[in-house]
Amino acid sequence: MKRSSNTLLLLGAGLLIGLGAGCLLLALTGAGGALFFGLQSSLSGEDSILFPEVDSPAPPFELQSLAGETYRLEDLHGQPVVVNFWATWCAPCRLEMPLLDSYQAQYGDQLTILAVNFDEPQDLVQRFVDELGLTLPVLLDPGGKVVNQYRVRGYPTTVFIDAEGVIRYQHMGQLEERQLARYLEEMGVSLE
């Protein structure tokens, strides 16, 4: 009798732990779960809780670059735009930034890549840019207004906007070259 009550107690505890773990996993892998785990994803319609919807107009913005130039998204209408949201403390951002910079240098006649920093001091951002030798436009987002407008929840996050100003893809996590090339080719950028 004692053995069967211990078995029932262990079985009940196991069920409760399993149920709790299952609920936690469900909560983390629902809206926002991929963000919690830092998984890469290309999000669309049903994930609009996290981001502006794919296939909808990109929210407009106007930001200053480190060089003091004003960049307005609407001024870039007519060519694809890649908006990369990043921070200096983000290790995957540091790893992918040279790739984005090289694509801007190589294909800048067909697209614009904008690196939007989240609310960090200009001197810190400038040191990061100098250290990596970046030449792509690095924009400052004081107060994180544009980051909030695009509902960025993790770094890096990259938004691909077509020539008509429509969001076509969103990618969370570090971009690998094959992924970047695929997104750009699907938006009509010739990478030959």
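Sorted by packing (mean other beta-carbon atoms within 10 Å per residue), highest first, where do 118-128, 66-76 land?
Averaged packing, sorted descending, gives the order 118-128, 66-76.
Rounding to the nearest 20 debye, state how big the charge dipole of the range 40-186 is about its Cα centre with +1 on each Lys and Arg Cβ and -1 on each Asp and Glu Cβ.
280 debye
As a footprinting exposure proxy, order MET187, MET172 by other Cβ within 10 Å, with the fewest listed first.
If I rank by nearby Cβ atoms, fewest first, I get MET187, MET172.
No lab work stands behind these numbers, since they all come straight from the coordinates. Treat the numbers as computed from the prediction; the structure is a model and nothing was measured. Cβ atoms come from the backbone with ideal geometry, glycine included; neighbour counts cover every protein chain shown.
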